[in-house]
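Take a look at the structure below.
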Amino acid sequence: MNAMKNQVQLIGKLGKDPIVRTFGNDKKVANFSVATSDYYYDADGNKQTDTQWHNVVVWNKLATICEDKLAKGKEVIVTGKLTYRNYDDKDGNKKYVTEIVANEVLLMDTKKQSA
């Protein structure tokens, strides 16, 4: 049996412009959030929206591309792996973070194509 893989794929919209930081001369990281929404009808027949926010991290060349091409409201396809990490904040409280480390980000072409 093939090994199980940790792979995530999302289609959603950016909540903010990517935040990009540079480390040294050649390391770059970009962080942004992607919203995905599901719809359902409640017991009274009213349409409800369930929006989930996903934290995305991209590194190096892909971070540069995201910095140049992505902006709040743009629709993207993100492929990567789900990661968990923790750290202690300045007050010594343990914080837990779930994020997607992306290896591919595709900008959806939202322009209508003419026939």
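Structural remarks
- Single match in K69, K16, K5 (criterion: touching a Leu at 6+ places or on another chain (Cβ under 9 Å) and modelled with pLDDT under 95): K69
- Taking residues in segment 44-66 that are touching a residue at least 24 places away in the same chain (Cβ under 8 Å) and more than 12 Å from E104 (Cβ to Cβ), and partners anywhere that are open to solvent by 60 Å² or more (accessible area, probe 1.4 Å) and in a loop (DSSP other than H, G, I, E, B), the pairs with Cβ atoms closer than 8 Å and at least 6 places apart or on different chains are N60/D26.
- Residue match in segment 22-30 (condition: under 17 Å from L107 (Cα atoms) and either open to solvent by less than 100 Å² (accessible area, probe 1.4 Å) or of a type in the set (D, E) (or both)): yes
- One residue from L70, L82 being in contact with a Pro (Cβ under 9 Å, 6 or more places away or on another chain) and open to solvent by less than 80 Å² (accessible area, probe 1.4 Å): L70
- Considering segment 17-115, the qualifying strands (runs of 3 or more DSSP E), each wholly inside and each with 3 or more residues that are within 21 Å of Q7 (Cα to Cα) and in contact with a strand residue (DSSP E or B) (Cβ under 9 Å, 6 or more places away or on another chain), run over 27-41, 47-59, 75-88, 94-107.
- Of all the numbered requirements in (1) surrounded by 11 or more Cβ atoms within 10 Å (Cβ to Cβ); (2) over 12 Å from L10 (Cβ atoms), N55 misses one, and that requirement is (2).
- Taken over segment 10-28, the criterion of being in contact with a helix residue (DSSP H, G or I) (Cβ under 8 Å, 6 or more places away or on another chain) and free of Cβ contacts under 8 Å to residues at least 40 places away in the same chain is satisfied by D26, K27, K28.
- Screening segment 31-52 for residues that are among the acidic types (D, E) and closer than 23 Å to T79 by Cα and picking the one that is most open to solvent (accessible area, probe 1.4 Å) gives D38.
The values are calculated or read from the model by the stated rules, or taken from the named source; none is laboratory data. Model, not experiment: these values are computed from the prediction. When we count neighbours, we look across all protein chains shown, and the Cβ atoms used for this are built from the backbone with ideal geometry, even at glycine. Heads up: the accessible areas ignore ligands, DNA and RNA and are worked out on the full protein's heavy atoms, side chains in. Shrake-Rupley method; radii C 1.70, N 1.55, O 1.52, S 1.80 Å.
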